[in-house]
Amino acid sequence: MSARIIDGKQVAAAIRQELQQKIAALRSETGIQPGLAVVLVGTDPASQSYVSAKEKACAEIGIYSSDNRLPAETSEEELLALIDKLNRDPKIHGILVQLPLPRQISESKIINAIAPEKDVDGFHPVSVGKMVLGEETYLPCTPHGVLQLLQRCEVNLSGAEVVVVGRSNIVGKPLANLLIQKAPYGNATVTVCHTRTRGLRNHTLRADIIIAAAGCPNTITAGMVKPGAVVIDVGVNRVEDPQAKRGYRLTGDVDFAAVSEKASLITPVPGGVGPMTITMLLFNTVQAAQKKASHAR
Ligand code: NAD
């Protein structure tokens, strides 16, 4: 069997087009333009490129973005003061603080300081609590992106055995929580595996759907996959490659070549889950502006 490849770029482009139309309608009906504040502390090259990609994506679909770049030695008080200012700024509907933050700043203090109605990353405890309770809220972007890929590829989740490999607060845990919800994107039977799991293969072999978010190449090999399974690779890993221009290439957590001979559907890296993450950030920002508009009515 040779798997159908899920084209994350194509799905992301379709969602961005839908969002562009929503933004145009919102602006003409209410005069409100969705606004996202992006906050970056320090000069980490990966974080800089993520932030620039987010700002570019905003501009492409008509979201106003405010760029807030602060030096690495910024204090917690200074960052809290900026968050407070952005919380009160009527042009800003969503606030994204690029993680990780420098050591002197507590990430949880900063996340807690973001007004829940502007928490478009979905990391605030209020958003997390609502998600677990199945209430309407901003869903964290990467797990939401995975759900969108599954839904738009018409993967039947109801009753499906899903194995999530990874239990981080930003990917594994929220994904598992979403997949068990009594909702169209849920109703799955979920097993969460992690570094203390015994016999990972015994779990993955049972899975109708494997979601790999371990951050380690070749965590999922062909011998761990049931024929016909759906395989979603969230991992993004840099592997040395002297032939590549930059001296490295990106790879996921799945042995793509071998697993695609066994799976029915598979996401590539790059070009699978990655393009969906920023797209769901745009989605949440539009949702925030729409909420603001409906409260103003
Ligand atoms: P993390 O390091 O916080 O968590 C990794 C998890 O995987 C841990 O819970 C650990 O217990 C588990 N794990 C690691 N090795 C394992 C193994 N061999 N067997 C079983 N479990 C194992 O990472 P994260 O932030 O959740 O990210 C995971 C991966 O997804 C990374 O490669 C990251 O770069 C990528 N990522 C991609 C996107 C995207 O937009 N594509 C977004 C977020 C994260």
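The values are calculated or read from the model by the stated rules, or taken from the named source; none is laboratory data. Treat the numbers as computed from the prediction; the structure is a model and nothing was measured. With ideal geometry, Cβ positions are generated from the backbone for all residues, glycine too; neighbour counts draw on all protein chains shown. Surface accessibility is based on the protein's heavy atoms, side chains included, excluding ligands, DNA and RNA. Shrake-Rupley method; radii C 1.70, N 1.55, O 1.52, S 1.80 Å.
In this label model, LYS91 and THR191 are separated by 5.2 nm, measuring between points 7 Å along each Cα→Cβ vector. Measuring between their Cα centroids, the range 67-99 and the range 121-180 lie 26 Å from each other. Taking all protein chains as they are arranged and a probe of 1.4 Å, the heavy atoms of CYS216 leave approximately 60 Å² accessible to solvent.
Per residue, the solvent-accessible area of the range 33-116 (1.4 Å probe, heavy atoms of protein chains only, all protein chains present) comes to 47 Å². Please report the antiparallel percentage of DSSP beta bridges with both residues in the chain, rounded to the nearest 5. Of those bridges, close to 10 percent are antiparallel. Each peptide in 188-195, 33-40 receives the mean, over its residues, of other Cβ atoms within 10 Å, and ordering these scores from highest gives 33-40, 188-195. Applied to the range 35-44, the Karplus parametrisation 6.51 cos²θ - 1.76 cosθ + 1.60 on θ = phi - 60° returns per-residue 3J(HN,Hα) values of x, 10, 9, 10, 10, 10, 10, x, 10, 4 Hz, with x for Gly and Pro. Accessible surface comparison of ARG249, ARG16, probe 1.4 Å, protein chains only, largest first: the order is ARG249, ARG16.
Over all pairs of different C-alpha atoms in the range 33-116, the reciprocal of the mean inverse distance, the Kirkwood hydrodynamic radius, equals 13.0 Å.
Centre-to-centre, using Cα atoms only, the range 30-50 and the range 196-229 are separated by 35 Å. Here TYR248 and GLU29 are evaluated by their C-beta separation; at R0 = 51 Å the FRET efficiency comes out at 0.60. By the equivalent-ellipsoid construction on the alpha carbon gyration tensor, the range 150-215 comes out with semi-axes of 19, 13, 10 Å, ordered largest to smallest.
If N is the number of residues in the range 1-149, what value comes out of its Cα radius of gyration divided by 2.2 N^0.38 Å? Normalised Cα radius of gyration, the range 1-149: 1.13.
Looking only at Cα atoms, what is the convex hull volume of the range 145-293 per residue, in Å³? Hull volume normalised by residue count: 127 Å³.
Considering only protein heavy atoms and a probe of 1.4 Å, how much of the accessible area of the chain is carbon and sulfur, as a whole percent?
That fraction is 52 percent.
Of the cross-linked pairs LYS85/LYS173; LYS22/LYS91; LYS54/LYS182; LYS182/LYS262, those separated by over 21 Å at the C-alpha level are LYS85/LYS173; LYS54/LYS182; LYS182/LYS262.
Only helices at least 15 Å long along their own axis, judged from Cα atoms, and with Kyte-Doolittle mean hydropathy of -1.0 or greater: name those in the chain from DSSP H. The qualifying helices are 8-30, 45-61, 76-88, 141-152, 274-296. Per residue, the convex hull spanned by the Cα atoms of the chain amounts to 138 cubic angstrom. The candidates SER260, SER28, arranged from most to least accessible area with a 1.4 Å probe in the full protein assembly, appear as SER28, SER260.
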